[in-house]
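Q: Questions regarding the structure given below will be posed in turn.
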Amino acid sequence: MPRRPIIENGRNFAWITQKVCGIVEGRTPQWWWVAFVISCMVSSFTLMGLVYLVSTGTGVWGLRSPVMWGWAIVNFVFWIGIGHAGTLISAILCLLRQKWRTSINRAAEAMTIFAVVCAGIFPLFHVGRVWFGWWLLPIPNSNAIWPNFRSPLEWDVFAVSTYGTVSLLFWYMGLIPDLATLRDRTRMVFEKRVAEAKTGFAVGFEKAYFVFRKYFYGILAMGWRGSNRHWSNYEMAYLLLAGLATPLVLSVHTVVSFDFAVANLPGWHTTIFPPYFVAGAIFSGFGMVLTLMLPLRALFGLQDLITQYHIDCMCKICLATGSMVGYAYAMEFFIAWYGANPYEGFAFVNRAFGQYAWAYWIMISCNVITPQFFWFKWARKNLMLVWILSCFINVGMWFERFVITVSSLANDFMPSNWDYYSPTVVDIFTFFGTFGLFGVLFLLFIRFLPLLAFAEIKANSPDADVHRDSHH
Amino acid sequence: MSKTYGILALFDTPPAIYEAAKSVRKAGYTKWDVITPCPLHGMDGAMGITRSKVPIFTFIGGFIGFWVGMFIAWYMGAYDYPLIVNGMPYFSPIFPFPVAYEMTILLAAFGTLGGMFVTNRLPMHYHPVMNYDRFERLTDDKFAVIIEAEDALFDMQKTREFLESFGPAEVTVITDEEEAE
């Protein structure tokens, strides 16, 4: 069976460059401004929510005994999980030599970084007195006490900050050759745009914009010149970063799951958590990649670079990881029964039939049933359906974290201690606003940086084969 | 006065540049380079480039990271301010392992990126090859071989004829204007 091409219609190098650079070099589309303004407005909800929280106290988040971890930790795990698909695509699929990754890795890595930004807000403000947030870091403070390295929450500080930093480094290194291309095209674009400018003001704007672009891309490109002696070191560094990011991404969600698994609470204290959380994170992340990439592909006409083959691959990964998550749900129940611990047994029966049963069944239907559609080619080909299903995955994975966090805390060992937790309007606004923040960052990325890693796409295209003429 | 940096030959396809690179190496030139918009598989072999030194930087970063992670846990929790937690020992290599693990990856990643910059001598915002009037095509869809004037075998006439023998799209002399004073 011949391999499916990762670029359709035999597009050549020049076409790829023009297509991807054209997105950044063209005029700002009207929809971009509309989306940007809406995103800014939405993100103001987070700002207001946080201002109110800092000025009043964490009580405004509906946190009270016994549920001291509410939406904040749910949202944190949700956003961190989203990020994991980006690293999976850029690192693990690179090591596995999955060439189709090159069309989507740039946007997915951007998604990772912005998701980590959104995630970081919640634990930082959950500490209450956010101005003491630096006590989390191993910096001497006025009490002469250092952080407790036995706490999984401290491990999380290291894991998440390392994850954010390494993702940024990896992303930046991948951008360097593409930024050099944009740098080299700056003058050509300026000449074209200034010729179109009608008024003196427009010419002045183009000149200012040219200076900005010249320095912005020029400085960031680091003087990259495409020398093969450089490519040799670059490729080695890329492979090494992929090799480093792979154990990192697996460790990050493992450490996040330790936040729960190290506690003695029924429903949390299980050894299945690390692999189950990692599978869930990849599942949710691919859901988000599909949610973002399908509209972008249509808006920018990228059908030749993000083909049906790419969508099929992503759907299949959703199917595989979604099924792993479903297996983990079943295995949790089995072990709760097989372990014969009455508290553990109760925690799981309570999840499915107790006061949070509604959340549990939303989770099951979104996470276990939804991806099963991806077995079928007709479903993967219906892009509207794929997009809707990917949204269901996002919702389902948020509810998974809600079920795990809240149902175990609200109904723990002693019925006298039980309560029903509900979020407050501040919780809802703060979380809602992070989608705006994510949108603002992603829209800026689309506008100023190359959306697709075109140097990598070229390297994997048949045109880059040095033995092409001698093939029989 | 501007100084000659080298002679550049422009090619349209990867197979053409690959063959040219093999011949330039065979002819015995040592100070020369190939400029491509993307890494070409097999080009390192054709140019005789040895294995990259970047892994050394990665290892140094990772090694330091691991021991820094372990050291801070010991220094802070056992030496500087012994922290009593459930009567457990002040230090054990097990509990700070996640911290040391993350520090290993963090510093190894910095080592890798830093190593890539050091081995490539970047950032270098000016390089004579950027004086080539069609340089922007070299990060787009064209390929070039450049033989430097400093090479022992370099001869303005002979090197030019040598490069022209591969049938390039064009052959140009590149000057280094920054040397002019």
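Q: Report, as an integer, the average count of C-beta atoms from other chains found within 10 Å of each Cβ along B:12-23.
A: 3
Q: Sticking with this one: Give a residue-ordered list of calculated ³J(HN,Hα) values for the range A:214-231 (Karplus: 6.51 cos²θ - 1.76 cosθ + 1.60, θ = phi - 60°; whole Hz; x for Gly, Pro).
A: Karplus values, whole Hz, x for Gly and Pro: 4, 7, 4, 6, x, 5, 5, 6, 6, x, 4, 10, x, 5, 5, 5, 6, 4.
Q: Counting pairs of alpha carbon atoms under 8 Å apart in space and at least six apart in sequence, what relative contact order in percent does chain A give? If you can, show how the numbers build up before the last one.
A: Values: 595 pairs, mean separation 150.0, N = 472.
It rounds to 32 percent for chain A.
Q: Show me the trypsin sites (Lys or Arg not before Pro) within the range A:185-256 that DSSP assigns to loop and that have at most 11 other Cβ atoms within 10 Å of their Cβ. Intermediate results must be reported in sequence, preceding the final value.
A: On the way: sites: A:R185, A:R187, A:K192, A:R193, A:K198, A:K207, A:R213, A:K214, A:R225, A:R229; in loops: A:K198, A:R225.
Passing sites in the range A:185-256 are A:K198.
Q: Could you pull out the chymotrypsin sites (Phe, Trp or Tyr not before Pro) across the range A:373-464 that fall in loop regions by DSSP (anything but H, G, I, E, B) with no more than 14 other Cβ atoms inside 10 Å?
A: Values: sites: A:F373, A:F374, A:W375, A:F376, A:W378, A:W387, A:F392, A:W398, A:F399, A:F402, A:F413, A:W418, A:Y420, A:Y421, A:F429, A:F431, A:F432, A:F435, A:F438, A:F442, A:F445, A:F448, A:F454; in loops: A:F376, A:F413, A:W418, A:Y420, A:Y421.
Sites meeting the loop and neighbour criteria: A:F376, A:F413, A:Y420.
Q: Which of the trypsin sites (Lys or Arg not before Pro) across the range A:58-102 are loop residues per DSSP, with 11 or fewer other Cβ within 10 Å?
A: Values: sites: A:R64, A:R97, A:K99, A:R101; in loops: A:R97.
For trypsin sites (Lys or Arg not before Pro) across the range A:58-102 that sit outside H, G, I, E and B with at most 11 neighbouring Cβ atoms in 10 Å, the list reads A:R97.
Q: To the nearest whole number, what is the average tally of beta carbon atoms from other chains within 10 Å of the beta carbons of peptide B:139-150?
A: Details: counts 15, 12, 9, 2, 4, 2, 1, 1, 0, 0, 0, 0.
Per residue, the average neighbour count from other chains is 4.
Q: Counting only helical runs of four or more DSSP H residues, what would the 222 nm mean residue ellipticity of the protein assembly as shown come to if each run contributes -39,500 (n - 2.57) and the total is spread over all its residues?
A: Numbers: 21 runs with 390 residues, N = 653.
It comes out at -20500 deg cm²/dmol, rounded to the nearest 500.
Q: Now for a separate question. Cross-link partners among lysines for A:K381, C-alpha distance below 22 Å, same-chain residues fewer than 8 apart left out?
A: Those lysines meeting the cut-off are A:K99, A:K316.
Q: Then there's this: Taking the Cα atoms only, what angle lies between the long axis of helix A:273-300 and the longest principal axis of chain A, rounded to 10 degrees?
A: The helix A:273-300 is inclined about 40 degrees to chain A.
Q: If exposed means no more than 15 neighbouring beta carbons inside 10 Å and the site is in a DSSP loop, what's the longest run of chain B without any exposed chymotrypsin sites (Phe, Trp or Tyr not before Pro)?
A: On the way: sites that count: B:Y90, B:Y126.
Free of exposed loop sites, the longest segment is B:1-89.
Q: Count the net charge of all other residues whose Cβ sits under 12 Å from the Cβ of B:F162, scoring Lys and Arg as +1 and Asp and Glu as -1.
A: Values: positive: B:K26, B:K158, B:R160; negative: B:D151, B:D155, B:E161, B:E164.
Once all neighbours under 12 Å are counted, the net charge is -1.
Where a number appears in this text, it was derived from the coordinates with a stated rule and is not lab data. Worth saying up front: this structure is predicted, and the values here are computed from it rather than measured. FYI the Cβ positions are ideal-geometry reconstructions off the backbone, even for glycines, and counts take in every protein chain you see.
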